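Colleague: The structure follows.
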Amino acid sequence: MSQVLDIQFTEVGDDYMKATMPVNHNTHQPYGLLHGGASAALAETVGSVASWATIDRERQICVGIEINCNHVRGKKDRLVTATVRPLHIGATTHVWDIRITDERDKLVCVSRLTVAVLKKPKE
């Protein structure tokens with residue numbers, strides 16, 4: 001999905017990650033605005049990668065189990081940036097706060113993602 005939507009990770013900090021996604025014909029809904037599903041895909045991507053970065057990848061996998069998105073501002077072009085920060089890092093679940101903003105740092109979408117941390121299946 002990240003390749004199809006051209007999601008690019010741009011920054012990693014101690015308690016956050018950032019990624020960008022272009023707003024164009026690939027991410028528009030019929031009225032020419034950023035599609036809510038594209039915002040949700042961006043949010044789930046950055047949250048899932050953040051979970052992946054925190055688990056023991058030799059013994060665990062992580063999968064999204066719930067996401068919600070509030071779309072607060074329309075966006076027609078250029079880029080949006082998603083910033084993910086942890087709300088909860090537990091042994092079996094992670095909860096992430098994802099804020100998607102425009103190039104003026106105006107909020108476009110706010111999302112919360114819950115991720116399950118599971119035992120890695122035997123091959």
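The values are calculated or read from the model by the stated rules, or taken from the named source; none is laboratory data. Everything quoted here is computed from the prediction, not taken from an experiment. We place every Cβ from the backbone using ideal geometry, glycine too, and count neighbours over all the protein chains shown. We work out accessible area using only protein heavy atoms, side chains counted, and drop any ligands, DNA or RNA first. Shrake-Rupley method; radii C 1.70, N 1.55, O 1.52, S 1.80 Å.
Colleague: Which condition does Tyr31 not pass, out of (1) open to solvent by less than 60 Å² (accessible area, probe 1.4 Å); (2) more than 28 Å from Lys122 (Cα to Cα); (3) not in a strand (DSSP E or B), if it passes all the others?
Modeller: (1)
Colleague: Condition (residue is within 16 Å of the chain's Cα centre (by Cα), within 19 Å of Thr114 (Cα to Cα) and of a type in the set (D, E, K, R)) applied to segment 7-15: is it met by at least one residue?
Modeller: yes
Colleague: For Pro121, work out the one condition from (1) over 19 Å from Leu5 (Cβ atoms); (2) touching a Cys at 6+ places or on another chain (Cβ under 6 Å) it doesn't fulfil.
Modeller: Unmet for Pro121, out of (1) over 19 Å from Leu5 (Cβ atoms); (2) touching a Cys at 6+ places or on another chain (Cβ under 6 Å): (2).
Colleague: Let me ask you something else. Return yes when Arg85 is farther than 18 Å from Asp105 by Cα and surrounded by fewer than 19 Cβ atoms within 10 Å (Cβ to Cβ) and no when it is not.
Modeller: Here the answer is no, as Arg85 does not meet what is asked.
Colleague: When the residues of segment 56-78 are narrowed to those that are open to solvent by 80 Å² or more (accessible area, probe 1.4 Å) and of a type in the set (A, V, I, L, M, F, W, C), which ends up farthest from Cys109 (Cα to Cα)?
Modeller: Residue satisfying both the conditions and the ranking: Ile65.
Colleague: Can Leu42 be described as within 15 Å of the chain's Cα centre (by Cα), closer than 24 Å to Gly90 by Cα and of a type outside the set (Phe, Trp, Tyr)?
Modeller: Judged against the criteria, Leu42 is a match.
Colleague: Could you figure out which of (1) loosely packed, with under 14 Cβ neighbours inside 10 Å; (2) hydrophobic (A, V, I, L, M, F, W, C); (3) over 17 Å from Thr10 (Cβ atoms) isn't true of Cys109?
Modeller: For Cys109, the failing item is (1).
Colleague: For segment 4-27, enumerate the residues that are part of a loop (DSSP other than H, G, I, E, B), among the aliphatic types (A, V, I, L, M) and surrounded by 13 or more Cβ atoms within 10 Å (Cβ to Cβ).
Modeller: The answer is Leu5, Ile7, Val23.
Colleague: Conditions: (1) surrounded by fewer than 18 Cβ atoms within 10 Å (Cβ to Cβ); (2) assigned to a helix (DSSP H, G or I). Ala38 meets all but one. Number of the miss?
Modeller: (1)
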